[in-house]
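Novice: The structure that follows is given in the form of structure tokens.
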Amino acid sequence: MTTTTLPALEARGLRLAYDGRTVFAGLDLRIEPGSVTTLVGANGSGKSTLLKALGRILKPSAGEVLLEGEPIARLATKEVARRLALLPQSPSAPPGMSVRDLVLRGRNPHQTWARPWSPDDAAVVDRALEATGLTDVADRDVAALSGGQRQRVWIALVVAQEAATLLLDEPTTFLDLTHQLDVLRLVRRINRESGSTVVMVLHDLSLAARYSDRLVVLHGGGVVADGPPAEVITPATLELAFGLRARVIPDPVTGTPLVVPEDD
Ligand SMILES: Nc1ncnc2c1ncn2[C@@H]1O[C@H](COP(=O)(O)OP(=O)(O)OP(=O)(O)O)[C@@H](O)[C@H]1O
Ligand SMILES: [Mg+2]
């Protein structure tokens, strides 16, 4: 843990809207450095919208986002990319690109005129491919992979970027359960070993509870619950945010909350 109290990311009075249609009218959020925070909420509750604003790909119509205390809007694009990696919800790869070449793009922010390329970049890419189980398909065309393999290529790209802050929008979509766990364990390992800050979006509440320090529940244009998973995942919050009737029991393996929907 770092001793500074400066948040890794902070949203202040954020107003986020599309063509005048407001998703958030004035949202405040502080993300502590070295923490894993997961945004949860029903479809359309604004998870991707908020993540995009935190990653500077959606401009707020009011308020601001601070990256380690600095207004992110004022930073150079390449500097933002060195410090913050964003996995969007539906990324698309340029046609005809190999897995290795796409993951190598994660190194772009680190290259400068004076240091265009180094063998270290190749080593970082190899490690990212290995960590995501993609070494065997490294020379294949990204378009020729399965949906789950392709999703892991995007994870590898984010890993190769080696940013202090990772924003991951549904990093486990398309993945079978084993690969979902692989990705979440990798995220936690990066968080613990490198001290990276992670903000992600997940739909599986039990997995979110298991792999996060903090859950932020979005509903009705705001945050309706925020805190450690065991405090946030309650039948009342599930009913409010998802219209879901469910029991919450301790996961027999980890003790974290497990959501068991009631039958109708
Ligand atoms: N590009 C866009 N243009 C207009 N409206 C948008 C756009 N993207 C999202 N919205 C709207 O903003 C609201 C929040 O959408 P957002 O994508 O942030 O939800 P989400 O919580 O990520 O949902 P999901 O779980 O389905 O990914 C929704 O009402 C959605 O229709
Ligand atoms: Mg989304």
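Rule-based calculations on the coordinates, nothing more; no lab input. Quick caveat: nothing in here was measured; it's all calculated off a predicted structure. With ideal geometry, Cβ positions are generated from the backbone for all residues, glycine too; neighbour counts draw on all protein chains shown.
Novice: Quick check: convex hull over the Cα atoms of region 106-152, volume per residue in Å³, rounded to an integer?
Specialist: Here the figure is 88 Å³ per residue.
Novice: Now for a separate question. Averaging over all projection directions, find the projected area of the Cα convex hull of region 9-261 and quote it in nm² with one decimal place.
Specialist: Averaging across all directions leaves 14.2 nm² for the Cα convex hull.
Novice: Could I get the Rg over Rh figure for region 140-264? Both from C-alpha atoms, Rh via Kirkwood, rounded to two places.
Specialist: 1.00
Novice: Cut-off 10 angstrom, C-alpha nodes, Gaussian network model of the chain. Which of LEU84, LEU215, LEU145 fluctuates the most?
Specialist: Answer for the Gaussian network model of the chain: LEU145.
Novice: Related question: Would you look at the GNM of the chain, springs on alpha carbons closer than 10 Å, and say which of VAL124, VAL253, VAL40 moves the most?
Specialist: Comparing VAL124, VAL253, VAL40 in a Gaussian network model of the chain, the most mobile one is VAL253.
Novice: Going from the alpha-carbon gyration tensor of region 1-81, what semi-axes, largest first and in whole Å, does one get by taking the root of 5 times each eigenvalue?
Specialist: Square roots of five times the eigenvalues give 21, 16, 11 Å.
Novice: For region 156-217, go through all pairs of different Cα atoms, get the mean of 1/r, take its inverse, and jot down that Kirkwood value in Å.
Specialist: About 11.9 Å for region 156-217.
Novice: If amide hydrogens are placed 1.01 Å from N in the peptide plane, which non-local residues have theirs closer than 5 Å to the one on LEU168?
Specialist: Distant-sequence amide H within range of LEU168: LEU87, VAL199, MET200, VAL201.
Novice: Local charge sum around ASN108 (other residues, Cβ-Cβ under 13 Å, Lys/Arg +1, Asp/Glu -1)?
Specialist: So the surrounding residues net to +1.
Novice: Assuming 0.36 nm per residue, please report the length gained on full extension of the stretch ILE249 to ALA123 beyond their Cα-Cα distance.
Specialist: 41.0 nm
Novice: According to the Cα gyration tensor, what semi-axes, each the square root of 5 times an eigenvalue, does the equivalent ellipsoid of region 33-172 have, listed from largest to smallest in whole Å?
Specialist: 26, 20, 13
Novice: Same structure again: Distance from the Cα centre of region 212-235 to that of region 118-186, in angstrom?
Specialist: 28 Å
Novice: So how much slack lies between LYS78 and ASN108, counting 0.36 nm per residue of separation and subtracting their Cα-Cα distance, in nm?
Specialist: 9.9 nm
Novice: For the chain, what does -39500 (n - 2.57) per DSSP helix run (n ≥ 4), summed and divided by total residues, give at 222 nm, in deg cm²/dmol to the nearest 500?
Specialist: Mean residue ellipticity, 222 nm, calculated: -9500 deg cm²/dmol.
Novice: While we're here: So if R0 is 25 Å, what FRET efficiency would THR5 and GLU64 give, r being the distance between their Cβ atoms, rounded to the nearest 0.05?
Specialist: Efficiency, rounded to the nearest 0.05: 0.85.
Novice: With each pseudo-label sitting 7 Å past Cα toward Cβ, what's the VAL260-SER90 distance in nm, one decimal?
Specialist: Distance between the two pseudo-spin positions: 3.7 nm.
Novice: May I pose another question? Dipole magnitude of the chain about its Cα centre, charges +1 at Lys/Arg Cβ and -1 at Asp/Glu Cβ only, in debye to the nearest 20?
Specialist: It works out to roughly 680 debye.
Novice: Using only the Cα atoms of region 32-74, construct the convex hull and provide its projected area averaged over every direction, in square nanometres to one decimal.
Specialist: Seen from a random direction, the Cα hull of region 32-74 projects 3.7 nm² on average.
Novice: In whole Hz and in residue order, list the ³J(HN,Hα) couplings for region 32-44 that follow from phi through the Karplus curve 6.51 cos²θ - 1.76 cosθ + 1.60, θ = phi - 60°; x for Gly and Pro.
Specialist: Going residue by residue, I get 6, x, x, 9, 10, 10, 10, 8, 10, x, 5, 3, x Hz, with x marking Gly and Pro.
Novice: Return the single residue from ARG30, ARG21, ARG100 with maximal mean-square fluctuation; model: Gaussian network over the chain, springs between Cα atoms under 10 Å.
Specialist: Maximum among the listed residues: ARG21.
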